[in-house]
Structures are given as structure tokens and as C-alpha cells.
Amino acid sequence: MVTDRFDLPEPIFASVGGDTVATYEMRPETTEPSADVVFCQGTPWSAQVWAEAARHLSGGHRVYLWDMPGYG
């Protein structure tokens, strides 16, 4: 089985309610973002699920991908 994977930036780790969660931020390289977009996913998924959509949206928006352990 072939699975396409998209590169994500280095995660930013935050402590939420005693759990450590990974957050990724993607933004336009040459312009100011027009709005923020947030993708949330829970266990057993990861930010990789939204990586392709986030990459497309990050051309004009600041995009956050939040991992939420225990949800899903």
C-alpha cells in the first residue's frame, strides 16, 4: 500500500490539562495571512490526516493543526 505523506513543520508542544499535545503552524511565505484556519483531530489520528489540505490553505491563511489525545 502506498501512502502519500506531506511534510509538516516542527511541532510546538503545549501542556493542556496535564497532557502534552502537538500543535503545528503553517503560514503564507510571502504575504500576511487573511484568516486563521484550525484543524483538530483526535487519537488515533494525527495532523498528517489534514496535512495536504493545510498545505493548500497555508498559501493565504495561517493554519493550525492540533492533536487532541483522547478525542476521536
Within the stretch 14-28, tally of residues that are open to solvent by 30 Å² or more (accessible area, probe 1.4 Å) and under 11 Å from residue 60 (Cβ atoms): 1
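Going by the structure shown, is residue 3 modelled with pLDDT of 85 or more, part of a loop (DSSP other than H, G, I, E, B) and over 11 Å from the mean Cα position of the chain (by Cα)?
Considered against the rule, which asks whether it is modelled with pLDDT of 85 or more, part of a loop (DSSP other than H, G, I, E, B) and over 11 Å from the mean Cα position of the chain (by Cα), residue 3 comes out as no.
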Test: residue in the stretch 9-21 that is modelled with pLDDT of 85 or more, touching a helix residue (DSSP H, G or I) at 6+ places or on another chain (Cβ under 6 Å) and of a type outside the set (D, E, K, R): no
Residue tally, condition open to solvent by less than 30 Å² (accessible area, probe 1.4 Å) and either in a loop (DSSP other than H, G, I, E, B) or on the phi > 0 side of the Ramachandran plot (or both), over the stretch 34-72: 2
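The values are calculated or read from the model by the stated rules, or taken from the named source; none is laboratory data. No experiment lies behind these values; they were computed from the predicted model shown. Backbone-built Cβ (ideal geometry, glycine too); neighbour counts: all protein chains shown. Remember, those area values only see protein heavy atoms, side chains included, never the ligands or the DNA or RNA. Shrake-Rupley method; radii C 1.70, N 1.55, O 1.52, S 1.80 Å.
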